[in-house]
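Engineer: Here it is, the structure in full.
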Number of protein chains: 2
Amino acid sequence: MVSHMAKYDDTLSACFTALGDPTRRAVLDRLARGPTTVSELAAAHDMALPSFLAHLRKLEAAGLITTAKTGRTRRCALAPGAIAPVRDWLDQQARVWEARLDRFEGHIANLKEEDET
Amino acid sequence: MVSHMAKYDDTLSACFTALGDPTRRAVLDRLARGPTTVSELAAAHDMALPSFLAHLRKLEAAGLITTAKTGRTRRCALAPGAIAPVRDWLDQQARVWEARLDRFEGHIANLKEEDET
């Protein structure tokens with residue numbers, strides 16, 4: 001049985017790993033401006049088609065893009081909200097970090113006050 | 001010559017790849033609460049020490065943590081601000097995406113207005 005937490009962890013790992021490549025980030029950049037075909041996406045990259053398709057598959061497996069075939073044309077689109085878990089995790093990290101800094105600053109302020117009295 | 005853009009791209013790739021592993025994310029989670037020793041970090045993970053140290057090296061190479069040795073003890077700390085480029089990239093993606101949705105909604109509103117007049 002896979003727990004809810006383990007699944008969330010797998011999603012985060014797949015997303016972060018998918019984002020760890022400049023070609024895949026460029027594809028997401030392009031798709032943020034609207035859906036397009038695999039051929040048009042591939043044309044922007046100086047890369048053998050099978051390698052480029054492997055990048056698209058990684059993005060799709062991570063749930064960051066969706067693809068759909070109509071006739072002989074495959075179109076890609078950004079999966080809305082797919083980046084949310086990744087942003088949430090980073091925001092949460094930043095909150096813990098900032099809370100720690102606040103406590104530290106509070107501690108320093110207390111020391112100063114004690115010093116002045 | 002490596003351009004500024006290429007360096008930024010390398011930083012993003014190293015950070016995202018480093019974040020794509022649950023052990024490495026757990027280490028960052030722990031360090032967000034304050035610095036600690038390698039031994040204490042390792043104790044929380046059921047893993048051979050060399051494998052665990054490889055994870056720490058990846059986090060350090062990505063600039064996400066710093067380590068410093070005092071005598072026989074190596075301490076690790078979160079590198080402040082290291083996560084900023086990653087958050088900035090994601091925020092920028094979200095902005096482009098939301099701007100596109102706004103334009104789309106504006107377009108729909110215009111169509112409705114034309115329909116009503």
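No lab work stands behind these numbers, since they all come straight from the coordinates. What you are looking at is a predicted structure, and each value in this text was computed from that prediction instead of being measured. Note that each Cβ is placed from the backbone with ideal geometry, even for glycine, and that neighbours are counted across all protein chains shown.
Engineer: By count of other Cβ within 10 Å, fewest leading, how are B:Ile108, B:Ile83, A:Ile65 ordered? Before the final figure, lay out the partial values.
Structural biologist: On the way: B:Ile108 10, B:Ile83 20, A:Ile65 23.
Going from least to most buried by this count: B:Ile108, B:Ile83, A:Ile65.
Engineer: As a test of the formula, what do you get for chain A when each DSSP H run with n ≥ 4 contributes -39,500 (n - 2.57) and the sum is divided by the residue count, at 222 nm and rounded to the nearest 500 deg cm²/dmol?
Structural biologist: Numbers: 5 runs with 79 residues, N = 117.
The helix contribution divided over chain A gives -22500 deg cm²/dmol.
Engineer: Right, here's the next one. Quick one: dipole size for the protein assembly as shown, taken about the Cα centre, charges +1 on Lys/Arg Cβ and -1 on Asp/Glu Cβ, in debye to the nearest 20.
Structural biologist: 1160 debye
Engineer: Assuming a ≥ b ≥ c are the square roots of the Cα gyration tensor eigenvalues, decide whether the protein assembly as shown counts as rounded (a/c under 1.5), prolate (otherwise, with a/b larger than b/c) or oblate. Let's see the in-between values first.
Structural biologist: Details: a/c = 2.37, a/b = 1.62, b/c = 1.47.
Taking the square roots of the gyration eigenvalues as a ≥ b ≥ c, the protein assembly as shown is prolate.
Engineer: If you take the square roots of the eigenvalues of the alpha-carbon gyration tensor of segment B:6-116 and sort them as a ≥ b ≥ c, do you get rounded (a/c under 1.5), prolate (a/b over b/c) or oblate?
Structural biologist: Values: a/c = 3.79, a/b = 3.24, b/c = 1.17.
It is prolate, given that a/c is not under 1.5 and a/b is the larger ratio.
Engineer: Can you compute the modelled spin-label distance between B:Ala109 and A:Thr70, with each label point 7 Å from Cα toward Cβ, in nm?
Structural biologist: 2.8 nm
Engineer: Sorted from fewest to most neighbouring beta carbons within 10 Å, what does the list A:Leu12, B:Leu19 look like?
Structural biologist: Fewest-to-most ranking of A:Leu12, B:Leu19: A:Leu12, B:Leu19.
Engineer: In nanometres, what is the gap between the two model label sites at B:Met47 and B:Glu116, each 7 Å from Cα along Cα-to-Cβ?
Structural biologist: 5.8 nm
Engineer: Let me ask another. Considering only A:Leu101, A:Leu56, A:Leu28, give the residue with the highest GNM mean-square fluctuation for chain A, with springs between Cα atoms whenever their separation is below 10 Å.
Structural biologist: Looking only at A:Leu101, A:Leu56, A:Leu28, the largest GNM fluctuation is found for A:Leu101.
Engineer: Just tell me which aspartates and glutamates come within less than 15 Å, Cα to Cα, of B:Lys58; anything on the same chain fewer than 8 places away is out.
Structural biologist: Of all the aspartates and glutamates, those that pass the test against B:Lys58 - Cα under 15 Å, at least 8 places apart if same chain - are B:Asp10, B:Asp21.
Engineer: List A:Arg24, B:Arg100, A:Arg95, B:Arg72 from most exposed to least, where exposure is judged by having the fewest other Cβ atoms within 10 Å.
Structural biologist: On the way: A:Arg24 21, B:Arg100 15, A:Arg95 11, B:Arg72 6.
By the 10 Å Cβ count, ascending, the order reads B:Arg72, A:Arg95, B:Arg100, A:Arg24.
Engineer: Report the antiparallel proportion of the DSSP beta bridges in chain A as a percent, rounded to a multiple of 5. Walk me through the numbers before you get to the answer.
Structural biologist: Working: 8 of 8 bridges.
Here the antiparallel bridges make up roughly 100 percent for chain A.
Engineer: Using amide H atoms built in the peptide plane, which far-off residues or other-chain residues are under 5 Å from A:Ile65 H to H?
Structural biologist: Here A:Glu60, A:Ala79 satisfy the definition.
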